[in-house]
1. Among the listed residues ALA124, ALA118, which satisfies the condition of being modelled with pLDDT of 95 or more and at negative phi?
2. Among the residues of region 93-100, are any within 12 Å of the ligand (Cβ to nearest atom) and among the aliphatic types (A, V, I, L, M)?
3. May I ask you to verify whether HIS109 is more than 9 Å from the ligand (Cβ to nearest atom) and out of contact with any Asp or Glu (no Cβ under 7 Å at 6 or more places or on another chain)?
4. Could you list, in sequence order, all residues of region 62-115 that are among the acidic types (Asp, Glu) and in contact (Cβ under 8 Å) with a residue 24 or more places away in the chain?
5. Quick one: count up the residues across region 81-102 that are surrounded by fewer than 16 Cβ atoms within 10 Å (Cβ to Cβ) and not hydrophobic (A, V, I, L, M, F, W, C).
6. Among the residues of region 46-80, write down those that are charged (D, E, K, R), within 15 Å of the ligand (Cβ to nearest atom) and exposed (fewer than 14 other Cβ atoms within 10 Å of the Cβ).
7. Tell me which residues, restricted to region 113-135, are touching a Lys or Arg at 6+ places or on another chain (Cβ under 9 Å), hydrophobic (A, V, I, L, M, F, W, C) and closer than 28 Å to CYS69 by Cβ.
Amino acid sequence: MSGRGDGGGSTGRTGAASGRMGVASGGTGATPGRAASPAGRTAATPDIDDFTRPWWDAAAEGRLLIRRCAACRRAHHYPREFCPHCWSEEVRWERASGRATLYTWSVVHRNDLPPFGARTPYAAAVVDLAEGPRMMTEIVECAEEDLRIGMELEVAFREEGGGVVVPVFRPVPEADRPARPPGA
Ligand SMILES: [Zn+2]
């Protein structure tokens, strides 16, 4: 009953982690009180507005976007309409490489907020994108005991239902990325 807080129950919320993009965290950034609704929305359904729509549209096509400032050249995430480093409004979308390293994580064993309860345990994480920004996400395809600070990750995309696709991260395979299996 109590102690669930904002869903993730562990990592807390920072500006870099939640904002309007907090869906990929597996509940940590979910808006309290916005559980399932008649439209089939759940806590995993992001609030998408005109400004963030390009980001979600790109994710649905398998591309991870960040914002880069033309004035100071620094990138940021979550997306903002002005640069958080120098306040310039000369900020544009840019496709990120999809590479990242693991900054920190927390394995969530209990989350009463649908649909996260069916996914436990999962690794809510903060990763450092190769371009610099930090991003809240979830690590997939990795056993809990194999998680390591600084481990190399690559983006993957998970369908959340309702046409929404959320970027998650998985370990980069030892042999970098294997080619597509022959005959597949
Ligand atoms: Zn700037």
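The values are calculated or read from the model by the stated rules, or taken from the named source; none is laboratory data. Values in this document were obtained by computation on a predicted structure and should not be read as measured data. Heads up, the Cβs are rebuilt from the backbone with ideal geometry, glycines too, and the neighbour counts pull from every protein chain shown.
1. Details: ALA118 fails: modelled with pLDDT of 95 or more.
On inspection, the qualifying residue turns out to be ALA124.
2. Taking region 93-100 first, the residues within 12 Å of the ligand (Cβ to nearest atom) are none.
No.
3. Working: more than 9 Å from the ligand (Cβ to nearest atom): yes; out of contact with any Asp or Glu (no Cβ under 7 Å at 6 or more places or on another chain): yes.
The answer is yes for HIS109.
4. Initial filter on region 62-115 (among the acidic types (Asp, Glu)): 81, 89-90, 94, 112.
Answer for region 62-115, where residues must be among the acidic types (Asp, Glu) and in contact (Cβ under 8 Å) with a residue 24 or more places away in the chain: GLU81, GLU94, ASP112.
5. Going through region 81-102, the residues surrounded by fewer than 16 Cβ atoms within 10 Å (Cβ to Cβ) turn out to be 81-82, 85-90, 92-95, 97.
Cutting the leftovers down to not hydrophobic (A, V, I, L, M, F, W, C) gives us 81, 85, 88-90, 92, 94-95, 97.
Looking only at that region, the number is 9.
6. Within region 46-80, the subset charged (D, E, K, R) is 47, 49-50, 53, 57, 61, 63, 67-68, 73-74, 80.
Those still in the list that are within 15 Å of the ligand (Cβ to nearest atom) too: 67-68, 73-74, 80.
Correct list: ARG73 only.
7. VAL126, VAL127, LEU129, ALA130
Yes/no matrix, rows are residues, columns are (1) over 19 Å from ARG158 (Cβ atoms); (2) not in a strand (DSSP E or B):
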{"site": "ARG68", "(1), (2)": "yes, no"}
{"site": "ARG73", "(1), (2)": "yes, yes"}
{"site": "PRO79", "(1), (2)": "yes, yes"}
{"site": "PRO84", "(1), (2)": "yes, yes"}
{"site": "TRP87", "(1), (2)": "yes, yes"}
{"site": "GLU94", "(1), (2)": "yes, no"}
{"site": "THR104", "(1), (2)": "yes, no"}
{"site": "VAL107", "(1), (2)": "no, no"}
